[in-house]
Every structure is written in structure tokens, then in C-alpha cells.
1. Let me make sure I get this right: for the range 224-288, a, b and c are the square roots of the gyration tensor eigenvalues over alpha carbons, sorted descending. Under 1.5 in a/c it's rounded, otherwise prolate if a/b > b/c, else oblate. Which is it?
2. Once you sort the root eigenvalues of the Cα gyration tensor of the range 40-79 as a ≥ b ≥ c, which label holds: rounded (a/c under 1.5), prolate (a/b larger than b/c) or oblate (the other case)?
3. Suppose each label sits 7 Å from its Cα in the direction of the beta carbon; what would the ASP257-GLU233 distance come out to in nanometres?
4. Kindly identify the range 133-262 as rounded, prolate or oblate by the Cα gyration tensor criterion: order the square roots of the eigenvalues as a ≥ b ≥ c, call it rounded if a/c is under 1.5, otherwise compare a/b with b/c, prolate if a/b is larger, else oblate.
5. Non-local amide H neighbours of HIS201 (under 5 Å, H modeled in plane, Pro and chain starts lacking H): which ones?
6. Report, for the chain, the % of DSSP beta bridges that are antiparallel, rounded to 5.
7. Counting each DSSP H run of 4 or more residues in the chain as -39500 (n - 2.57), what helix-only mean residue ellipticity at 222 nm follows after dividing by all residues, to the nearest 500 deg cm²/dmol?
8. Using a Förster distance of 25 Å, how high is the FRET efficiency between LEU60 and GLU134, based on the Cβ-Cβ distance and rounded to 0.05?
Amino acid sequence: MRDIYQEIDRELGQDREVILATIVAQKGSTPRNQGTKFLIRPDGTFLGTIGGGKLEAEVLAEAPRVFAEKKNRIVQFQLTGEEAAETEMLCGGSLEIYLELLSGRNPFQREFYKKVTKLRKSGQSGIIATLLEEGLFSGRSDAKGLYVPGEEQGFENVPWISLVKEHFPRILLDQKPALKTAEIQGEEKKIFLEPIEALSHLYLFGAGHVSLSLCALAKTVGFHVTVFDDRAEFADRRRFPDADDLVVQPFDQMLKDFPIGSNAFVVIVTRGHLHDHQIVRQVLKNPPRYIGMIGSRHKKGIIFKALREEGFSEDLIQSIHTPIGLDIGAETPEEIAVSIVAELIQVRGS
């Protein structure tokens, strides 16, 4: 699935309107957690899911009114029995969903989501704070803000910055949204605070058959994918239409001007152990969150021996996931990609 924030930025960048439906409150057993998002376009197509079934159908039915009236809506759903079974609920529960109109013709909204996308790509974290109010147009600069420690972007006009600062540490630590209240001009208003996580960057070294399947699959689960190879005809946009970035450089110089962050994921699937070794030795100088390398025990032994001789610590060497992926008996490139992505998801969620 494409990243919702990137899709919003893309849609607004083309002067389009979309509705962002967000679960802002929940009770009981519900199909998705608080903060889950569902992006709706004017033609009825959408990105994401809040549980399927009657719930999604009713949210989609509300969308034309929001597009027509240009005002946000708060809708509440109570599902029990058969209705719950039609979604992914195990039993009944209640949800409150905020339908927020976003327009590419609104300078504030357009710039706001550019900042969000840039923040996530940079590896930083922050909080989006949204004023929830029936009939409100969120294109107002006092209805939404992006808070990053030391940078109060978009909060020049909002009266509830103290609320954001108070809850900021806990929300970032737990990585869970929260619905709070604040007094604004003598009235109690709901403020939805949600963490903005950095994009999960996946760097694929080698542009062969495994990478083809791996890139496409990793994109569906939210990774920002960069593919590296020393052959331009392999690291090619026609072969990798889903890749976010493509880099063509000699393997022994591949990371010279391309730093990899400590929260990144690295998968090494080049065409030979010489290239694998060239990449591993560069990556280990600034270790990422995950390093995986495809290959046999024999290749592992050769490369690990060379790394020890080059002075890398045993702990660092043993941090390399090889054999790569979860053990599911994978044989084909597609099956190997599934096993690798499963391991990436496991590490990302740990």
C-alpha cells in the first residue's frame, strides 16, 4: 500500500481535493486502532482501510457531502452482532471518525503536508495536532499544527501549544495517538494528537530477481525503497517502477556520498560475494537498524573471516542477518522476498 502522507502530498501537489478519514476515538473491539487513516478521492477511489464492510461503506457514503459542503464532519459508529461481523471486528465496538477535507488549492494545507513528508523522509519525529470540530474547514492555520521539538511549525496561530508540549514526550515514546481537550475562547474543544513516525528506509543492494520482488512487496507494507547497483541497465526505472530512488555507482564507492541512517534497513543481494563484502564493510562503519545478506554458509564464512581480519568487532559481525529472512522454506525469488519482508516487519515492530 502506498504511504498515505506521501499520497496526500502528491494529490495536493496536483491541486486536487481529498478527504482524510481518521479514527480519533474507539471503544471495545474495533477493526483498526485509533489513528488509522483512510484517504478518499472525489471519484470514490480510496487508499487504506478502517476495517472494511458496512463501516467503510458508510464513511464513503458521507464523503460526497464533505466534498460538496467543504466542511469537516465527525461521524460515530456503533457496530454489534451482524454489523460487526461484516467488518473485521471480533465483537461489537464503537468508533468516532473525523472526515477532514484537504485541498491542493489551500496554500496552508499544501505546505503543511509537504513539511510532514519532508520530516518523515529526514528521519525525524514529530506530532500533528488537529482541532476536531463539526463544520470546521481545516484549511485554517489555527486548526492544525506540526510540532517538532525546537521548531513550532504551524503553531503561530494556535492557542493550545502548551497542550502539545505537555503530551509530546509520552506520545512519541508510546508511538500512540491521544484525544485531549483544551479550552479555546471559553469553550472546551477536542484536540487529536498523533505521532509522526520517520519513514522506514529500505536500501536494496543488487538489482537482480530477488530485488525485483522484494522492492514491490516492501512498498506494499510501507517501506521507502532505494535500489543500488553498478549496472544502469539493471537499476532502471522500467524494471523498478515502485522504487522511490535508484542509485548507480561502483559497489566499492556506493556509500561514499550516501550516508545511511541508524534506523535504516539494509538488504544485500548482489550478484557475488565480492560485491557483498564491499557493501557490508561500508555499511558496518555506521551500522543501521538491520543488515541482511543473502547467501550460503560458505559465503558467510568467507565474508565474516574477512571482516574479522579488517578489525570489525564480533558483535557487529554477528548482527548481520544471514541466512536472511524468516525460515519458511522459500526457494523462488518471490518466496525469498516474502521471507525477507516478513523479517523486516518483525524487526520494525520490535
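Read the figures in this text as sums done on the coordinates, not as results from a lab. Just so we're clear, the structure is a prediction, and the values are computed from it rather than from any experiment. Here the Cβ is made from the backbone with ideal geometry for all residues, glycine too, and neighbour counts use every protein chain on show.
1. It comes out oblate by the Cα gyration axes.
2. The shape class here is oblate.
3. 2.6
4. Prolate, because a/c is 1.5 or more and a/b exceeds b/c.
5. Residues meeting the amide H criterion: HIS224, PHE265.
6. Values: 44 of 64 bridges.
Taking every DSSP beta bridge within the chain, about 70 percent pair in antiparallel fashion.
7. Working: 10 runs with 119 residues, N = 350.
Value at 222 nm, helices only, nearest 500: -10500 deg cm²/dmol.
8. That gives a FRET efficiency of 0.85.
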